[in-house]
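Notes to accompany the following structure.
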Amino acid sequence: MPFALPHIVAGFIAVMVGYTSSVILIIQAATAAGADAAQVSSWLWTLGIGMGISCIGLSLYYRIPALTAWSTPGAALLITSLGNFTLAEAIGAFIISSLLITLCGISGWFDRLMRHIPAPLAAAMLAGVLLRFGLDLFKVAPQDPLLLGSLLLAFLLGRHLWPRYTMVLVLTSGIAICALRGELQLGGVHWQLATPVWISPTFSLDALLGIALPLFIVTMTSQNMPGITILRAHGYQPATSSLISWTGLTGLLLAPFGGYAFNLAAITAAICMGKEVDPDANRRWPAAVWAGCFYLLTGCFGATVAALFTAFPATLITCVAGLALLGTIGSSLHTALQHDEAREAALLTFIITASGISLLGVGAACWGLLIGFGLHLLQPRPRGRAKQ
């Protein structure tokens with residue numbers, strides 16, 4: 001496996017952004033289910049190990065940046081729904097949800113659905129999902145203009161002088177500035193290995209309806225659908241059914257230890273697919289493998305690594321994520337809007353996705369694709385032109 005520094009840094013940034021943006025949701029969800037400290041640590045161990053093994057295995061086998069993740073919308077859902085159930089019932093619901101995801105992959109219906117999404121709409125959805133990271137980048141200015149200005153300068157210098165090492169320069173510059181200002185809160189980080197804790201499942205109809213089905217729907221529409229779309233928007237042709245099946249099987253095996261949902265990553269995956277990682281799209285997959293290695297590390301040390309990532313200032317994470325995704329946002333908008341006949345549908349997809357709405361338990365990305373695709377079907381096709 002290549003040891004190119006841009007691959008390693010992209011993998012690290014992807015994991016850092018994933019953990020700092022939502023690890024608190026995992027802890028809150030586990031606590032809402034009645035988990036004690038050892039069981040919360042087990043959840044973090046399980047999720048890290050599951051994501052690490054699946055990232056490494058799928059990326060090595062398919063030679064694409066197949067990044068997996070926990071379901072962030074799913075964690076948010078669990079925080080509000082687990083209070084009415086026992087921890088054993090929650091584990092049973094996780095198993096059922098993962099089983100449904102596995103069946104979706106094996107049956108192939110999800111793959112058939114995704115093949116009908118036009119490329120401009122897929123790119124528009126990707127741009128909409130990532131837009132908030134670009135906007136949040138400049139919201140940092142009133143809070144920390146020095147950090148933002150320094151990282152923008154590092155980004156521009158990197159793009160001009162060392163394009164492949166742009167994010168390496170940005171990340172090291174940001175960490176150095178925060179360290180010099182004493183903003184890295186490392187005093188509370190104590191290294192301790194996490195251990196898995198088995199929780200025997202209990203199955204109930206109430207948990208099926210209240211946890212399993214909503215978790216399944218949210219994971220498929222808000223995570224797996226954008227995950228497949230992002231891969232295709234970057235020119236990859238993933239084996240959709242196999243990828244979905246493997247994430248479901250991972251959940252089936254690890255649910256008793258707290259692995260509530262595994263799915264394809266969307267936002268963090270895009271960090272491993274940009275031109276800064278490698279000019280050749282066929283050589284970007286090692287970034288996802290390195291992300292898997294960092295996930296394994298985070299799993300082994302559980303809550304300790306979560307504390308380490310939260311020691312980084314929020315403004316630093318926001319700036320690094322925004323700069324890492326700028327190129328992907330730009331190329332996605334270009335792809336989405338370059339075809340006249342698909343422009344309106346793509347624009348509608350982009351706006352709805354970027355709005356962040358959630359209706360009937362379905363996220364903005366899915367609504368954007370559905371409504372944009374509906375408009376796309378209604379629009380007349382010019383004669384003699386291939387369907388876009």
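The values are calculated or read from the model by the stated rules, or taken from the named source; none is laboratory data. All values reported here derive from a predicted model rather than from experimental measurement. Cβ: placed from backbone, ideal geometry, glycine included. Neighbour counts: every protein chain shown. Heads up: the accessible areas ignore ligands, DNA and RNA and are worked out on the full protein's heavy atoms, side chains in. Shrake-Rupley method; radii C 1.70, N 1.55, O 1.52, S 1.80 Å.
What to note about this one:
- When TRP109, TRP43 are compared by accessible area of protein heavy atoms, the largest-first order is TRP109, TRP43, using a 1.4 Å probe.
- FRET efficiency, TYR165 to LEU193 (Cβ-Cβ, R0 35 Å, nearest 0.05): 0.55
- Virtual spin-label span in nm between THR172 and SER358, 7 Å along Cα→Cβ: 4.0
- By the compact-protein rule of thumb, 2.2 N^0.38 Å, the alpha-carbon radius of gyration of segment 219-271 corresponds to a ratio of 1.16.
- Spherically averaged projected area in nm², based on the convex hull that wraps the Cα atoms of segment 183-268: 9.1
- Nonlocal amide H pairs with THR68, under 5 Å, H built at 1.01 Å: CYS55, ALA265
- Square roots of five times the Cα gyration tensor eigenvalues for the chain, Å: 30, 29, 18
- The residues of segment 248-332 have, on average, 26 Å² of accessible surface per residue, using a 1.4 Å probe with all protein chains present.
- 3J(HN,Hα) along segment 70-82, derived from phi through the Karplus expression 6.51 cos²θ - 1.76 cosθ + 1.60 where θ = phi - 60°, amounts to 7, 7, 5, x, x, 5, 4, 4, 5, 4, 8, 10, 7 Hz, with x in place of Gly and Pro.
- Value of Rg to Rh for segment 163-223, rounded to two decimals, is 1.28; Kirkwood radius and Rg both from alpha-carbon coordinates.
- To put it simply, the accessible area of the chain at a 1.4 Å probe is 68 percent carbon and sulfur.
- Å² per residue, accessible surface of segment 63-146 at 1.4 Å: 40
- Considering only LEU297, ALA239, LEU213, the residue lying farthest towards the positive end of the dipole of segment 203-333 is ALA239, judged by Cα position with unit charges set on Cβ.
- Using R0 = 45 Å, the C-beta based FRET efficiency linking LEU184 and ASP36 works out to 0.90.
- Amide hydrogen proximity for ALA194: with H placed 1.01 Å from N in the peptide plane, the residues at 5 or more positions away or on another chain lying under 5 Å are PHE301, GLY302.
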